[in-house]
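Okay, so here's the structure we're looking at.
The values are calculated or read from the model by the stated rules, or taken from the named source; none is laboratory data. Nothing here was measured: the structure is a model prediction, and the numbers come from that model. Heads up, the Cβs are rebuilt from the backbone with ideal geometry, glycines too, and the neighbour counts pull from every protein chain shown.
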Amino acid sequence: MELEFAQKILKKFKLNDAVISIREHKLGLIHQTFEIWTQNKPYILQEINTRVFPNYLQGLENIILVKEWLKKTNYSYEFPSPLLNQYLNFEEKVWRLQPFVVNTESLNKVSKIREVNQAVRCLGKFYNCLEDFPIEKLNITIPNFHSGAQKISAFNKALKNLNELRKQNAWSLILETKRNLKILAEWDEICRKLPKRVVHYDAKINNFLFKKNTTKVIALIDLDTLMPGCVLSDIGDMIRTYSNPVGEESKDVSKVTCNKNIVAAIVNGFKGALTHKEIEYLNFGGQAITFMQAVRFLTDYLNDDIYYNTFYENQNLVRAKNQFKLYQSLKEIKD
């Protein structure tokens, strides 16, 4: 991005600060993100991926509603949201400008239990502060995002149309998946029983900003998926992404296992923030969300890789095997 282009966008947001430098963040998977430094303060500028988020304006409404509610509570973490509460249509793209939280960093991997504890504390406080939020006011911007029934249907549909080579490559995992599909139906049933809350839906460790060179969380970020839901979506995904020491991209599936200390830290950390019924199902949430992700990777592989980006042959199959192994490891944990 050129300085002149960034300057034009800032002016559209009623900022006359001179742009000094621009740095692109390469790790984001969805939006194109730039760190913009001006003579007065830094900002985060993002081009919204409207293919992934076609209902981005409804998503913005959710962010504003939650932000305004949190302002009236004792939520002690930063919640960086779009300036002027608006997005900008400029040169056939959609942009947003947000405050840059200085002296912070995001982590791509959990390396200390204290990092887990801090992320859990931040999200637990988020749930507490939004306990009385009128959930019916939030838009459902991604229908069926964590619907077990929808994932089962998509998997079965993929089985009817797959090519022979991919069928042979994945056959053993297809059979294992079929034998475990009932957990996704159980997931839907349990989520219907649990309280509806404001859910982040993407509580990976890199969506918490830590004060540099510390284990202290400063901010909760990446708010596009804020929606009504059940906490198992967030906490299950925390268990899935925090507990796998080699990560979901590891080709060495034999090394995939859950770190039981991390799982325990997550489950125990939420005990003061949730209802007894929610706490009862936290370990199940980790199992179900992990299996759901395995099914999503496998379904995409059977559909010739139309959703997730791949960079080598059979990558989605490797990802599916990785997540299925993690699911098996998580099932060994006793409540």
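Conditions tested, residue by residue: (1) modelled with pLDDT under 95; (2) aromatic (Phe, Trp, Tyr); (3) under 20 Å from residue 224 (Cβ atoms).
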| site | (1), (2), (3) |
| --- | --- |
| 64 | no, no, yes |
| 69 | no, yes, yes |
| 76 | no, no, no |
| 79 | no, yes, yes |
| 87 | no, yes, yes |
| 90 | yes, yes, yes |
| 96 | no, no, yes |
| 106 | yes, no, yes |
- [ ] Give the residue, chosen from 154, 149, that is among the aliphatic types (A, V, I, L, M), over 24 Å from residue 81 (Cα atoms) and exposed (fewer than 13 other Cβ atoms within 10 Å of the Cβ).
- [x] 149
Open item on the list: Of the conditions (1) under 30 Å from residue 203 (Cβ atoms); (2) surrounded by fewer than 17 Cβ atoms within 10 Å (Cβ to Cβ); (3) aliphatic (A, V, I, L, M), residue 183 satisfies every one except a single condition; which number is it?
Closed with: (2)
Task: Filter result for residue 75 (without any contact (Cβ under 8 Å) to a residue 60 or more places away in the chain and more than 22 Å from residue 47 (Cα to Cα)) - done: yes
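Each row is one residue, and each column tells you yes or no for (1) aromatic (Phe, Trp, Tyr); (2) surrounded by fewer than 16 Cβ atoms within 10 Å (Cβ to Cβ); (3) in the same structural domain as residue 319 (by TED's automatic domain parsing).
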| site | (1), (2), (3) |
| --- | --- |
| 179 | no, yes, yes |
| 187 | yes, no, yes |
| 193 | no, yes, yes |
| 198 | no, no, yes |
| 219 | no, no, yes |
| 224 | no, no, yes |
- [ ] Give 222, 237 a once-over and let me know the one that is under 17 Å from the mean Cα position of the chain (by Cα) and over 23 Å from residue 283 (Cβ atoms).
- [x] 222
- [ ] Scan the stretch 88-105 for residues that are over 22 Å from residue 6 (Cβ atoms) and of a type in the set (S, T, N, Q) and report the count.
- [x] 1
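Across the stretch 1-40, what is the number of residues that are assigned to a helix (DSSP H, G or I), free of Cβ contacts under 8 Å to residues at least 24 places away in the same chain and among the basic types (Lys, Arg)?
Here is the first cut: in the stretch 1-40, the ones assigned to a helix (DSSP H, G or I) are 3-12.
This time we only want the ones that are free of Cβ contacts under 8 Å to residues at least 24 places away in the same chain, so: 3-5, 7, 11.
Applying the additional criterion that residues be among the basic types (Lys, Arg) yields 11.
Qualifying residue count for the region: 1.
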Task: Any pair with Cβ under 6 angstrom, 6 or more apart, that starts in the stretch 209-225 at a residue that is closer than 12 Å to residue 107 by Cβ and ends at one that is outside any strand (DSSP E or B) and hydroxyl-bearing (Ser, Thr, Tyr) - done: none
Task: Criterion: touching an Asp or Glu at 6+ places or on another chain (Cβ under 8 Å), over 21 Å from residue 52 (Cα atoms) and part of a helix (DSSP H, G or I) - qualifying residue of 192, 166, 179 - done: 166
Open item on the list: Looking only at the stretch 41-70, count every residue that is under 24 Å from residue 134 (Cα atoms) and in contact (Cβ under 8 Å) with a residue 24 or more places away in the chain and tell me the total.
Closed with: 14
Open item on the list: I'd like to verify a number: residues in the stretch 257-284 that are surrounded by 13 or more Cβ atoms within 10 Å (Cβ to Cβ), part of a helix (DSSP H, G or I), touching a residue at least 12 places away in the same chain (Cβ under 8 Å) and out of contact with any Pro (no Cβ under 8 Å at 6 or more places or on another chain), how many?
Closed with: 12
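Step by step: first the residues of the stretch 225-256, then only those that are acidic (Asp, Glu) and not in a helix (DSSP H, G or I), then the one that is farthest from residue 192 (Cα to Cα). Which residue is that? Even if it seems obvious, please write down each step before you answer.
Initially, the stretch 225-256 is screened for residues acidic (Asp, Glu), giving 234, 237, 248-249, 252.
Those still in the list that are not in a helix (DSSP H, G or I) too: 248-249, 252.
On the way: 248: 28, 249: 32, 252: 36 Å.
Residue satisfying both the conditions and the ranking: 252.
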- [ ] Tally the residues that are within 16 Å of residue 201 (Cα to Cα) and of a type in the set (Lys, Arg), restricting the search to the stretch 29-62.
- [x] 0
Task: Odd one out for residue 201, checked against (1) touching a Leu at 6+ places or on another chain (Cβ under 8 Å); (2) not in a loop (DSSP other than H, G, I, E, B) - done: (2)
Open item on the list: For the stretch 89-115, give me each residue that is farther than 15 Å from residue 33 by Cβ and either outside the structural domain of residue 214 (by TED's automatic domain parsing) or part of a loop (DSSP other than H, G, I, E, B) (or both).
Closed with: 89, 90, 91, 92, 102, 103, 107, 109, 110, 111, 112
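Could you please let me know if residue 84 is outside the structural domain of residue 213 (by TED's automatic domain parsing) and surrounded by 16 or more Cβ atoms within 10 Å (Cβ to Cβ)? Write out each step before concluding.
On the way: outside the structural domain of residue 213 (by TED's automatic domain parsing): yes; surrounded by 16 or more Cβ atoms within 10 Å (Cβ to Cβ): no.
Criteria not met by residue 84.
Every residue in the stretch 43-62 that is in a helix (DSSP H, G or I), surrounded by 19 or more Cβ atoms within 10 Å (Cβ to Cβ) and aliphatic (A, V, I, L, M), please.
First, the residues of the stretch 43-62 that are in a helix (DSSP H, G or I): 56-62.
In the following step, the residues that additionally are surrounded by 19 or more Cβ atoms within 10 Å (Cβ to Cβ) were identified as 59-60, 62.
Result: 60, single match.
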